[in-house]
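Comments concern the structure below.
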There are 2 protein chains.
Amino acid sequence: MTGDLSRTAAEELDGHDELARFRARFVVADPDLIYLDGNSLGRLPAATPAFLDHVVREGWGRGLIRSWGDWIDWAARLGDRLADHVLGARPGEVVLSDSTSVNLYKLAAAALAASDRGVVVVDTDDFPTDRYVVQGLVEHHGGTVRELRSDIDRGLSPDRLRAALDEDVALVVLSAVSYRSGAMPDMAEVNRMAHEVGALVLWDLCHAAGAVPVELAATGADLAVGCTYKYLNGGPGSPAFLYVRKGLQPLLRQPIQGWFGQRDQFAMGPDYDPVEHLDRFLVGTPPLLSLAAVDPALAVVEEAGVERIRAKSVRMGRFVVDLARERLAERGFRLASPVDPDRRGAHVSLAHPDAWRICRALAEDAGVVCDYRAPDRLRIGPSPLYTTFTELWDAVDRLCGVLDSRSYERHARALARIT
Amino acid sequence: MTGDLSRTAAEELDGHDELARFRARFVVADPDLIYLDGNSLGRLPAATPAFLDHVVREGWGRGLIRSWGDWIDWAARLGDRLADHVLGARPGEVVLSDSTSVNLYKLAAAALAASDRGVVVVDTDDFPTDRYVVQGLVEHHGGTVRELRSDIDRGLSPDRLRAALDEDVALVVLSAVSYRSGAMPDMAEVNRMAHEVGALVLWDLCHAAGAVPVELAATGADLAVGCTYKYLNGGPGSPAFLYVRKGLQPLLRQPIQGWFGQRDQFAMGPDYDPVEHLDRFLVGTPPLLSLAAVDPALAVVEEAGVERIRAKSVRMGRFVVDLARERLAERGFRLASPVDPDRRGAHVSLAHPDAWRICRALAEDAGVVCDYRAPDRLRIGPSPLYTTFTELWDAVDRLCGVLDSRSYERHARALARIT
């Protein structure tokens, strides 16, 4: 049932928002800009510039090479914090490293190499780079890709997954929250189904981490990767994380054998001899400044708590869906996300044949930044730590203005390189 | 012939140093600390903190996701600058990406996959991670490692290389400057020898880039990787670079098929379809803050010019070798680098049975930071942009003090995790 959808109602929701005070923990350089793309790049935490400047001037400038004595552990320490507060994993199961794509390659390659099976199940709805990485992997290492054809609005169908699973399957690669629709499969159910046929599951947590409570240990997850620059606000291209269930760690061996996985790294022995634990999935020197920016960002998420973030996110998602039903349906928009909040992450997708041009017009003429995703989706990504209900109301109102004035028709139809 | 080796002579060398003014372009937080480890982590350029702060506050904080419209080209733009000013390569042949180890994996894997041969030649004297990566590659992709056993003081012997080359060799992996001894093989000669048997060469330029003029195009180089945090002063773990000769680019396909290599990246099509050019060797989102720090650092190198940096470096190397002969030989040190400056990079290695403890004592008691490398080497790495001749003289003097007082005997014999 739809409640009051007036701007006053939005203001009241903000008035009762227990996370409202966290907005001040972020830099809001232009208060008139409505930023609904925190699921592509999270806002700058207010504490980050000073923290980074300290790392640069004191750590690098004064400490020089000696600072690596401390820095060398940051990837693991941040990983443990992510494990504890965000991912429901145990100490020593999560570490920051490389990009999501490189991590996915490492873990998928390790899973394939450890199996006598050759099939990797992916989904039409997986993020493209995940599919590309798996394609490259089976091409270079041998194997076959088996593709689920999930509904790109409603997400994974457990029946289709069941039909795709058999004893040829080594690995299933899926997203915990779909990058396009926001659809969320039941992680525990998927893990169970895969384990029943003896397959492992590798989760892409990019659109889940920091937005929905992820319970890697409790759902029996095997492997996961994800980025830290969306809901975790680690900054542009901040290092990704990888998760490997404790018991699997000594059994898996990844193919990019860099010296950060080596036992007694600085002995510099002639042959690769990886540690037994999670570091064996590391490769080279981490980009320390980008890594450092994850620290103050994660502190904000930890203080707010993922459960509270999720509770607000569910309210925001419902508000957007209700507003879309009341004001956008008649203007040609269709909900392209699951209706059930329990099956939807933090973002909401709306389909419109002119979505690309509308997205441009919103950004360039109306001060609303959201995302376009192929083929025809406008992706609304409120980030509960800093987005207000009033912003959501205003964004939909500005969107109605763009639609009613047809101002978007001035924008090119073509997809530019960057969305 | 050895000239005047007094401290006054050092001061005079500084007085005539045409690069002396560049020291002010770096942060020297503690003027009493003699930093001879710029070949592990270069000093902080004075312009970097403000530049980074601007990227953080304006690019990320204000521009948010929209800044990627500009950032997306930074890896290529910095690569072109490196190609032009540092590496002797052509536009579109160098790009920043990932870590050195990951890049080495991508390029070596691509070279192996494109060949019907299975042998990769590596050297005992290659940096350990290079050897580990190649070991992992042949283990996962099939193939054999053939190891040169170069002299770890004098570097590659062309005769040994010639003996190792035959028509089973797909790839040769070598360092342009040895991480331990500083030895420099003749790149043009090595490339020619490898090409004669139809093999490619992949150069590790970590200890060369920014210190010695590298002429990738003129020497007919095929492939190269390297880091930007040593003589290029890009900051801890700043992204590495990779080079692929233009003509090879469409012929090689690397195994980590991420979306940054995809034609029309944001169309997000179902199948990997890489661009023909250098971007096909990219994978995921680059760590933008760490990437950004390379920009002001590279500007200093460009302004000074690698030829002038090298000229000073040769003078500094000779000064260290002469001082070592005069004052350190009688104290148990032996030169563990080539004597000929034309065959030596910017650093000088000195062997001593107690090198580990001496290195610790120098850093902790005498304010001289240099590096230990297994098995018994003290690595002196002057960085011509900011190291003075007087610092070199003082460092050797303090080293004599440590040796004569035997103060190093208080330090543990064991190799700690970080050097």
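The values are calculated or read from the model by the stated rules, or taken from the named source; none is laboratory data. In this text, all values refer to a predicted model and were calculated from it rather than measured experimentally. Cβ: placed from backbone, ideal geometry, glycine included. Neighbour counts: every protein chain shown.
Looking at (1) of a type outside the set (Phe, Trp, Tyr); (2) under 21 Å from B:Ala240 (Cα atoms); (3) more than 11 Å from chain B (Cβ to nearest Cβ), find the lone condition where A:Gly226 falls short.
(2) is the only condition that A:Gly226 fails.
Count, please, the residues in the stretch B:334-362 that happen to be touching a strand residue (DSSP E or B) at 6+ places or on another chain (Cβ under 7 Å) and crowded, with 21+ Cβ neighbours inside 10 Å.
Residues flagged as touching a strand residue (DSSP E or B) at 6+ places or on another chain (Cβ under 7 Å) and crowded, with 21+ Cβ neighbours inside 10 Å within the stretch B:334-362 amount to 15.
Working carefully through the options B:Gly143, B:Gly155, B:Gly136, find the one that is in contact with a helix residue (DSSP H, G or I) (Cβ under 9 Å, 6 or more places away or on another chain), in contact (Cβ under 8 Å) with a residue 12 or more places away in the chain, within 17 Å of B:Met193 (Cα to Cα) and of a type in the set (Gly, Ala, Ser).
Exactly one of B:Gly143, B:Gly155, B:Gly136 is in contact with a helix residue (DSSP H, G or I) (Cβ under 9 Å, 6 or more places away or on another chain), in contact (Cβ under 8 Å) with a residue 12 or more places away in the chain, within 17 Å of B:Met193 (Cα to Cα) and of a type in the set (Gly, Ala, Ser), namely B:Gly155.
Only one of these is under 24 Å from B:Ala114 (Cα atoms), in contact with a Leu (Cβ under 7 Å, 6 or more places away or on another chain) and either at pLDDT 95 or above or within 13 Å of chain B (Cβ to nearest Cβ) (or both): A:Leu148, A:Leu137. Name it.
A:Leu137
Kindly provide the set of residues from the stretch A:66-101 that are within 29 Å of B:Glu139 (Cα to Cα), in contact with a Ser or Thr (Cβ under 9 Å, 6 or more places away or on another chain) and facing chain B (nearest Cβ under 7 Å), ordered by number.
Within the stretch A:66-101, A:Asp98, A:Ser99, A:Thr100, A:Ser101 qualify.
Looking at (1) in contact with a Leu (Cβ under 8 Å, 6 or more places away or on another chain); (2) more than 9 Å from chain A (Cβ to nearest Cβ); (3) farther than 20 Å from A:Val102 by Cα, find the lone condition where B:Leu252 falls short.
Only one criterion in (1) in contact with a Leu (Cβ under 8 Å, 6 or more places away or on another chain); (2) more than 9 Å from chain A (Cβ to nearest Cβ); (3) farther than 20 Å from A:Val102 by Cα is unmet by B:Leu252, namely (3).
Taking the options B:Gly247, B:Gly234, name whichever one is out of contact with any strand residue (DSSP E or B) (no Cβ under 8 Å at 6 or more places or on another chain), within 23 Å of A:Ile256 (Cβ to Cβ) and not polar (S, T, N, Q).
Matching residue, one of B:Gly247, B:Gly234: B:Gly234.
Against the conditions (1) more than 22 Å from B:Thr100 (Cβ to Cβ); (2) of a type outside the set (Phe, Trp, Tyr); (3) under 24 Å from the mean Cα position of the chain (by Cα); (4) more than 7 Å from chain B (Cβ to nearest Cβ), where does A:Glu58 fall short? Just the number, please.
Among (1) more than 22 Å from B:Thr100 (Cβ to Cβ); (2) of a type outside the set (Phe, Trp, Tyr); (3) under 24 Å from the mean Cα position of the chain (by Cα); (4) more than 7 Å from chain B (Cβ to nearest Cβ), the lone unmet condition for A:Glu58 is (3).
Residue under question is B:Phe266, and the condition is that it be facing chain A (nearest Cβ under 7 Å) and part of a helix (DSSP H, G or I); does it hold?
yes
Which one is farthest from the chain's Cα centre (by Cα) among residues in the stretch A:272-288 that are within 7 Å of another protein chain (Cβ to nearest Cβ) and assigned to a loop (DSSP other than H, G, I, E, B)?
Here the residue is A:Tyr272.
Within the stretch B:70-114, count every residue that is farther than 20 Å from B:Leu216 by Cα and either touching a helix residue (DSSP H, G or I) at 6+ places or on another chain (Cβ under 8 Å) or modelled with pLDDT under 95 (or both).
9
Do we find that B:Leu328 is in contact with a Lys or Arg (Cβ under 7 Å, 6 or more places away or on another chain) and in a helix (DSSP H, G or I) in this structure?
On the way: in contact with a Lys or Arg (Cβ under 7 Å, 6 or more places away or on another chain): no; in a helix (DSSP H, G or I): yes.
Here the answer is no, as B:Leu328 does not meet what is asked.
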